[in-house]
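To keep things clear, I will list the structure first and then write my remarks on it.
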Amino acid sequence: MSARIIDGKAEAIRLRARIAEEAAQLKRSHGVVPGLAVVLVGDDPASEVYVRNKATQTREAGMASFEYRLPASLSERALLDLIEELNVRSDVNGILVQLPLPPHISAENVVNAIAPEKDVDGLHPTNAGLLAVGRPALVPCTPLGCVILAKTVHENLRGMDVVVVGRSSLVGRPAAQLFISESCTVTVAHSATRDLPAVCRRADILLVAVGRPLLVKADWIKPGATVIDVGINRVAKDSGGTRLVGDVAFEEAVQVAGAITPVPGGVGPMTIACLLANTITSTKLRLGLQLAA
Ligand code: NDP
């Protein structure tokens, strides 16, 4: 039996349509256009593509996009000054500083400088702490997208065994916290985990965010499990050139899993959609509005 393929592209389109409706509603009822500021320092080509896509999708959702493309030579002080300015601007509801930053700028100092209520990347320690204690917070976009995708397969995640492989503050840790909030039983595995295949085989939902191409094999997966592959790895093709693969050996995993995200076209497209969702959330929080469940 071949697994159901979880279509992240289609789900992201649906989510962006809902966000556009919410943005229109905020404009009608409060005269507010949610605004997202994206800051890019340096000229990393991959980051440039992400920033362009974010800006386009922000505008398509009827929101305001403010882009800052700054030279790699920018000082940390100058970047912190810009963030302070964005923190107090009433037309900016979300601030995202594209990572990685040039080596002379501390990503930690920069993330810590963003006002927590505008931290749409969900990386500020205040938001990480709120998430850890189960309080409403702005949550990192990629894990948020993963949970939404898992819910397209299982309406209710309560009681499910979830294994998260990877413990980064960007993906693994917040994903684990989100699944705990969904009343799942969560195991977090990492590079020191003993017998990783056996740990993975316990999972009803297996989320892999490691950055090792095709690490997870078919016999690591419980038959019928839902597999969420966050990894994005560029590998050489036999025929020359390169291709993108995930952390899961998709061709074999699809024969065992019940549902699985492809790479590309799975988790990736959800990330920007969740960034826009977070910008709506921060706008509503500023207006003192109730958040949707
Ligand atoms: P990090 O490098 O920050 O974290 C990787 C994690 O994997 C670490 O916790 C590490 O363990 C663990 N790990 C490494 N090797 C192994 C192994 N052999 N067995 C078990 N665990 C291992 O990566 P990120 O979390 O930032 O990203 C992970 C992947 O997700 C990457 O491919 C990245 O490109 C992709 N990604 C995709 C996004 C999307 O939008 N689709 C967004 C963000 C990331 P330890 O802590 O012990 O070192």
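The values are calculated or read from the model by the stated rules, or taken from the named source; none is laboratory data. Just so it is clear, the model here is predicted, and its values are computed rather than measured. When we count neighbours, we look across all protein chains shown, and the Cβ atoms used for this are built from the backbone with ideal geometry, even at glycine.
Identify all residues within the range 232-254 that are away from the ligand (no atom under 16 Å from the Cβ) and exposed (fewer than 13 other Cβ atoms within 10 Å of the Cβ); write none if there are none.
A236, K237, D238, S239, G240, G241, E251
Tell me, please, whether a residue that is touching a Leu at 6+ places or on another chain (Cβ under 6 Å), part of a helix (DSSP H, G or I) and near the ligand (Cβ under 10 Å from one of its atoms) can be found in the range 259-277.
So far as the range 259-277 goes, yes, one or more of its residues are touching a Leu at 6+ places or on another chain (Cβ under 6 Å), part of a helix (DSSP H, G or I) and near the ligand (Cβ under 10 Å from one of its atoms).
Filter the range 56-115 down to residues that are basic (K, R) and either within 19 Å of the chain's Cα centre (by Cα) or farther than 23 Å from A46 by Cβ (or both) and give me whichever is surrounded by the most Cβ atoms within 10 Å (Cβ to Cβ).
R89
For the range 130-139, does any single residue satisfy the condition of being touching a residue at least 60 places away in the same chain (Cβ under 8 Å) and over 27 Å from F66 (Cα atoms)? First the steps, then the outcome.
To start, the set of residues in the range 130-139 that are touching a residue at least 60 places away in the same chain (Cβ under 8 Å) comprises 136, 138-139.
Now restrict to residues that are over 27 Å from F66 (Cα atoms): none.
Among the residues of the range 130-139, not one is touching a residue at least 60 places away in the same chain (Cβ under 8 Å) and over 27 Å from F66 (Cα atoms), which makes the answer no.
Of the residues S90, S73, S47, which single one is polar (S, T, N, Q), modelled with pLDDT of 95 or more and within 20 Å of N278 (Cβ to Cβ)?
On the way: S73 fails: within 20 Å of N278 (Cβ to Cβ); S47 fails: modelled with pLDDT of 95 or more.
Unique residue meeting the criteria: S90.
Does the range 95-104 contain at least one residue that is of a type in the set (S, T, N, Q) and within 16 Å of the ligand (Cβ to nearest atom)?
In the first step, residues of the range 95-104 are kept if they are of a type in the set (S, T, N, Q); the result is 98.
If we keep only those that are within 16 Å of the ligand (Cβ to nearest atom) too, we end up with 98.
Yes, the range 95-104 has at least one match.
Sort out for me the helices (runs of 4 or more DSSP H) sitting completely within the range 1-98 that have 2 or more residues that are free of Cβ contacts under 8 Å to residues at least 40 places away in the same chain and under 30 Å from G265 (Cβ atoms).
The helices (runs of 4 or more DSSP H) meeting that bar are 8-30, 45-60.
May I ask you to verify whether H154 is of a type outside the set (D, E), under 26 Å from P197 (Cα atoms) and either more than 16 Å from the ligand (Cβ to nearest atom) or in contact with an Asp or Glu (Cβ under 6 Å, 6 or more places away or on another chain) (or both)?
Details: of a type outside the set (D, E): yes; under 26 Å from P197 (Cα atoms): yes; either more than 16 Å from the ligand (Cβ to nearest atom) or in contact with an Asp or Glu (Cβ under 6 Å, 6 or more places away or on another chain) (or both): yes.
Against the criterion (of a type outside the set (D, E), under 26 Å from P197 (Cα atoms) and either more than 16 Å from the ligand (Cβ to nearest atom) or in contact with an Asp or Glu (Cβ under 6 Å, 6 or more places away or on another chain) (or both)), H154 qualifies.
Is there a residue in the range 191-212 that is among the acidic types (D, E), over 22 Å from L170 (Cβ atoms) and within 12 Å of the ligand (Cβ to nearest atom)?
Yes, the range 191-212 has at least one match.
For the range 257-265, check the following and say yes or no: at least one residue is of a type in the set (S, T, Y), modelled with pLDDT of 95 or more, under 20 Å from N156 (Cα atoms) and within 18 Å of the chain's Cα centre (by Cα).
Yes - at least one qualifying residue is present in the range 257-265.
Scan (1) hydrophobic (A, V, I, L, M, F, W, C); (2) in contact with a helix residue (DSSP H, G or I) (Cβ under 7 Å, 6 or more places away or on another chain); (3) at pLDDT 95 or above for the single condition C184 breaks and write down its number.
Going through (1) hydrophobic (A, V, I, L, M, F, W, C); (2) in contact with a helix residue (DSSP H, G or I) (Cβ under 7 Å, 6 or more places away or on another chain); (3) at pLDDT 95 or above one by one, C184 breaks only (2).
Examine the range 220-239 for a residue that is assigned to a helix (DSSP H, G or I) and over 27 Å from D121 (Cβ atoms), and state whether such a residue exists.
Yes: one or more hits.
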